[in-house]
Amino acid sequence: MDIRIENLCKRFGNTHALDQVNLSLQSGELVALLGPSGSGKTTLLRSIAGLEFPDSGRILFNGNDALHLTVQQRRIGFVFQHYALFAHMNVLDNVAFGLRCKPRRERMSRAAMREHAQALLDTVQLSELGQRYPHQLSGGQRQRVALARAMAIDPTLLLLDEPFGALDAKVRGELRAWLRRIHDETGYTTLFVTHDQEEAIELADRIVVFNQGHIEQVGTPDEVYDQPCNAFVFDFLGRGNRIHGEFSADGFIPRGTELRLPARHAAGEGHILVRPHDYSLADAGQGLNGRVRSRRRIGGRITLELDVEHQPEVIELDLPYDLGPSAPQNGEHIGVVPTRYHVLD
Amino acid sequence: MPQSTDTQPLRVPRPPTSDPPWVRRGLIALAVLFLASFVLLPLVLVFAEALRHGLGAFVDALVEPDALAAIRLTLLVAAIAIPANLVFGVAAAWAIAKFQFPGKQILITLIDLPFSVSPVVAGLIYLLMFGAQGWLGPWLDEHDIQIVFAVPGIVLATIFVTFPFIARELIPLMAEQGSDDEQAALSLGASGWRTFIAVTLPNIRWALLYGVLLCTARAMGEFGAVSILSGHIRGLTNTLPLHVEILYNEYNFAAAFAVASLLALLALVTLGLKSALEWRLDSERGAAGRRE
Amino acid sequence: MDTRSVSTPRWRRRRVLPGFGLTLGYTLTWLALIVLIPLAGVFLKAAELGWSGLWAVWTDARVLAALKLSFGTALAAAAFNAVMGTLVAWVLVRYRFPGRRLLDAMIDLPFALPTAVAGIALTALYSGNGWIGRWLEPYGIKVAYAPLGIVVALVFIGLPFVVRSVQPVLSEASVELEEAAASLGASRWQTALRVNLPTLAPSILTGFALAFARAVGEYGSVIFIAGNIPYVSEIAPLLIVIKLEEFDYPAATAVAAAMLLLAFALLLAINLLQAWSMRHRAAVH
């Protein structure tokens, strides 16, 4: 089912939770709503679900107005951040809950319901746990039950609110991969909210970057990472630094160097944005000169922190780990040159 | 120009967790009807009947000598029972909340026993002990000590029925507060008593007041237990509730309700103070829980 | 000189805070004197009758009628309170309306009001020409001086127990559960029945048990409104009083023992209930 959101606005008191939000989602996509806390992403999710109502704007499901539908009528599967499992029912009954609520005409037989619920438990790999109660399950297991329960009503849309926020790192990693697999198998249009850019990049077909109630950028993970449209998106999607210097007709000259980097920008003082992995080493004296103030090895990379002359910020620089002992040591003076950079305000 | 000129408010369904208006109004009406017929109306009626024959008759009923005697006795009994239970409550809470020992839970359950005993039985047990046919009866007779059908008996019965009130308010609070503050005081050289007065008491004062309040309300209003041990001697061994009963049984309704309204007024004051203290207590418990 | 510390026996282990011995000793002594020994006295006296004697008293027609009446009316009143109390708690927690705070404070009136006052007030209210009684009279519904009156008085007495048991659970309940149910297609009614009610069940049960325990032994608020007619509207506590006035101490004690046993059984049930519901409510957040 495809979704169109037009000029959605919602205010809570004096804050604009949603400010003229426009978005289009295609059937079968896995889309991440990414942004800091309070940026409006959860409000949008809940508005689509029917748990909140916007002040103005439209939400269209397959071209039809959805705002006049109650949450029950919208047939969306919602997975809550803290799972919201029914503590007094066992896992199987939780999953079958939506099936039991259907009007008599549409309701399956008891046996069919049980089969259907069990099949879903098989899909989420919890086949043996049907008789257990929520308080007997781990966080990751509860999350999977919540997903199975949402899928049981054969929703047109799956909405997940910070699905992995309450879990520890290792479980989170496993569940991310698992969610991607489930999505590919089932093909549900899925929308999830997260504040973790790594999660968004790893999982989503497209990322919607939110900030203070409006959408900054929409694109594939590569697009938003490599071609951020503004400084906020750049900062939010990954690590990076500002290199200060001067723009002129010739390009950008970083302060204290004789480098000339091609750039188009109004003349005057300014900065460029560079990711840590977009530098190459040059000899000391060429390019940006700095002293290594710290050196850390993290997994497959070596991260250096440089005190660079004439630059106010400490510069972070990633080098591949297999450089090994020839990589610069603490206290060394080296030169670096940005190979890729962004000119953004 | 893609501008939304939507000036009308959106027509949206009800929020998902709210009930339809007719359900809401119906349930509220039902609840109000229930509370009105069982709680509000009886209360209003007490005052209405008390003033039925005018303010003059109302005052007369209250200043009548037997009524005054009943007031005095009620106050006297409360003045003895409450401090007695206060000392007990504090001692029990100190022992239970600040120390570890086996059988703690059993002790707490035993302290709660008077709550589950019928008031009549509460009176009976002292009758069995101190009555003429009781165990200590003959001995008391010998020494000319009158307990049952006299004031001491009434005091005993009142102590019994209000026994747990103060303890069960203090125990959870003091347990939650732990002994850190007291240990700090001791390490600074304070003696046990000083620690208690300067450190513990201030921490528990609202719970203490709350317990005393409940204790007082119950002590002054107790009927069944006191009825058994009182001699029903007008002007001597009648508390206010017993006096109400006597007046009522004599068909002196106006006077009965007049005295009853005094007790009802006490109940209302109790409720008011209770609400105020509950608010206080909640913030105390919150603070205790936030301590690391 | 051996300066090694000798291992102290457990009971002598030093405690940091002072006053343990003093306070525990006082507590136990006072408890024993005021509560335990007198209560034991009832059972000892009852035991004097021997099992056959006790049985004879307990199965006496009048005693049986009184016990059944006390038990039956208490059960009916507690059940009524369970339903209405839950409703009141729901209304107070979920809805906003003028006078809500006042109503909330009034719930505690039965705790604060002396039972004798409640007794005469309810009697006046529900008697044939009382403010409520006069509306019921034409339909032949007799409340005052009839068993129904006993139930009314016991409803008054037990009213706060269910409401105050359910209220905290209801206000703590996460609204997410209801949103989840709605998102899965449940109507408000289905949500209330399948999600809210089971969550509240332990607290409703606890409130019911407390109201029941209180109502079984109630005396002051009942004797004015009941007819006090033997075999018909005479409650067990009243029977005890009558036996005492007749100086039939053994019979009075026997009935008292029965009531105590019932009370203790209820106390045990309540404690077990609360322990069970604590376990069942293990955090699912």
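Compactness of the stretch A:206-345 was expressed as the Cα radius of gyration divided by 2.2 N^0.38 Å, which yields 1.10.
Over the protein assembly as shown, with every protein chain in place, what whole percent of the accessible area is carbon and sulfur at 1.4 Å, could you tell me? Answer for the protein assembly as shown: carbon and sulfur cover 58 percent of the accessible area. Contact order for chain C, expressed relative to its length and based on alpha carbon pairs under 8 Å spaced 6+ residues apart, stands at 27 percent.
How would C:SER171, A:SER24 line up by accessible area, probe 1.4 Å, largest first? Provide the component values of the computation, followed by the final result.
Details: C:SER171 75, A:SER24 55 Å².
Ranking C:SER171, A:SER24 by accessible area, largest first, yields C:SER171, A:SER24.
Solvent-accessible surface of the protein assembly as shown, averaged per residue with a 1.4 angstrom probe and all protein chains in place: 45 square angstrom. Looking at the stretch B:24-148, what % of the alpha carbon pairs are farther apart than 24 Å? Above the 24 Å cut-off, the stretch B:24-148 has 66 percent of its Cα pairs. Could you tell me the calculated FRET efficiency between C:SER52 and C:ILE141, based on Cβ-Cβ distance and R0 = 60 angstrom, to the nearest 0.05? In this case the efficiency is close to 0.90.
Pair-distance distribution P(r) for the protein assembly as shown, from all Cα-Cα distances in 10 Å bins starting at 0: 2, 9, 15, 16, 15, 14, 12, 8, 5, 3, 1, 0, 0 percent.
In chain C, if the dipole is taken from +1 on Lys/Arg beta carbons and -1 on Asp/Glu beta carbons about the Cα centre, which of C:TRP58, C:GLN167, C:ILE132 is farthest to the positive end? Checking the options against the dipole of chain C, the answer is C:GLN167. Each residue of the stretch C:255-267 is assigned a 3J(HN,Hα), and the resulting list reads 5, 4, 4, 4, 5, 5, 4, 4, 4, 5, 4, 5, 4 Hz, derived from the Karplus form 6.51 cos²θ - 1.76 cosθ + 1.60 (θ = phi - 60°), x at Gly and Pro.
Semi-axes, largest first, in whole Å: what does sqrt of 5 times each Cα gyration tensor eigenvalue give for the stretch C:90-238?
Numbers: eigenvalues 255, 57, 48 Å².
Ellipsoid half-lengths, sorted descending, are 36, 17, 15 Å.
List the residue ranges in chain B for DSSP H helices whose C-alpha atoms run 30 angstrom or more along the long axis and whose Kyte-Doolittle average is 1.0 or above. Spell out each step's value before the answer.
Details: long enough: B:65-98 (49 Å, 1.57); B:253-290 (54 Å, 0.87).
TM-like helix candidates: B:65-98.
Using just the C-alpha positions of chain C as equal point scatterers, what log10 of I(q)/I(0) does the Debye formula give at each q in 0.08, 0.10 1/Å? Relative scattering, expressed as log10 I(q)/I(0), comes to -0.51, -0.73. Within the full protein context, the accessible area of B:THR239 is estimated at about 10 Å² for a probe radius of 1.4 Å. Against the criterion of solvent-accessible heavy-atom surface with a 1.4 angstrom probe, A:SER127, B:SER37 sort, most first, into A:SER127, B:SER37.
Could you compute how much accessible area chains C and B hide from each other, both sides summed, with a 1.4 Å probe? Nearest 100 Å² is fine. Don't skip to the end; give the middle numbers.
Values: alone 18010 and 17680 Å², together 28170 Å².
That pair of chains buries around 7500 Å² in total.
Could you sort A:CYS229, B:CYS215 by their accessible area in this structure, using a 1.4 Å probe and putting the largest first? Walk me through the numbers on the way to the answer.
Working: A:CYS229 70, B:CYS215 0 Å².
In descending accessible area the options line up as A:CYS229, B:CYS215.
Compute, for C:ARG134, the solvent-accessible surface of its heavy atoms (probe 1.4 Å) with the complete set of protein chains present, and express it in square angstrom to the nearest 10. It works out to around 130 Å². Taking the C-alpha atoms only, the angle from helix A:110-123 to the longest principal axis of chain A is near 20 degrees. Close amide-amide hydrogen proximity is noted between A:ASN211 and A:GLU216, each under 5 Å apart and 5 or more residues distant or on a separate chain (H modeled in the peptide plane; Pro and chain starts excluded).
Could you work out the helix-only [θ] at 222 nm for chain B, with each DSSP H run of four or more residues adding -39,500 (n - 2.57) and the total divided by the number of residues, to the nearest 500 deg cm²/dmol? Don't skip to the end; give the middle numbers.
Numbers: 15 runs with 211 residues, N = 292.
Roughly -23500 deg cm²/dmol at 222 nm, from the helical runs in chain B.
Evaluated with a Cβ-only charge set (Lys, Arg +1; Asp, Glu -1), the stretch A:202-345 carries a dipole of roughly 280 debye about its Cα centre, given to the nearest 20.
At a threshold of 50 Å², the residues of the stretch C:167-195 that become less accessible to a 1.4 Å probe in the full protein assembly than in their chain on its own are C:GLU176, C:LEU177, C:GLU179, C:ALA182, C:SER183, C:LEU184, C:ARG188, C:ARG194. Based on the Kirkwood radius over alpha-carbon pairs, what value in µm²/s does the Stokes-Einstein equation return for the translational diffusion coefficient of chain A at 10 °C and 1.306 mPa s? Answer from the Stokes-Einstein relation: 69 µm²/s. Among beta bridges identified by DSSP and lying wholly in the protein assembly as shown, the antiparallel ones come to about 75 percent. Between A:SER109 and B:ARG72, the modelled labels are 8.5 nm apart [label points 7 Å from Cα along Cα→Cβ]. Comparing B:LEU62, B:SER18, B:ALA150 along the charge dipole axis of chain B, the residue lying farthest to the positive side is B:SER18, per the Cβ-charge model. Only the Cβ atoms of Lys and Arg (+1) and of Asp and Glu (-1) were treated as charged; on that basis the dipole of the stretch B:1-154 about its Cα centre amounts to roughly 980 debye. The phi torsions of the stretch C:87-96, fed into the Karplus equation with coefficients 6.51, -1.76 and 1.60 and a -60° offset, translate into couplings of 4, 4, 4, 4, 4, 5, 7, 8, 10, 10 Hz, rounded to whole numbers, with Gly and Pro shown as x.
The values are calculated or read from the model by the stated rules, or taken from the named source; none is laboratory data. Note that the structure is predicted; figures quoted are calculated from it, not measured. Cβ sites come from the backbone with ideal geometry, for glycine too, and all protein chains shown count toward neighbours. The accessibility values were calculated without ligands, DNA or RNA, using every heavy atom of the protein model including side chains. Shrake-Rupley method; radii C 1.70, N 1.55, O 1.52, S 1.80 Å.
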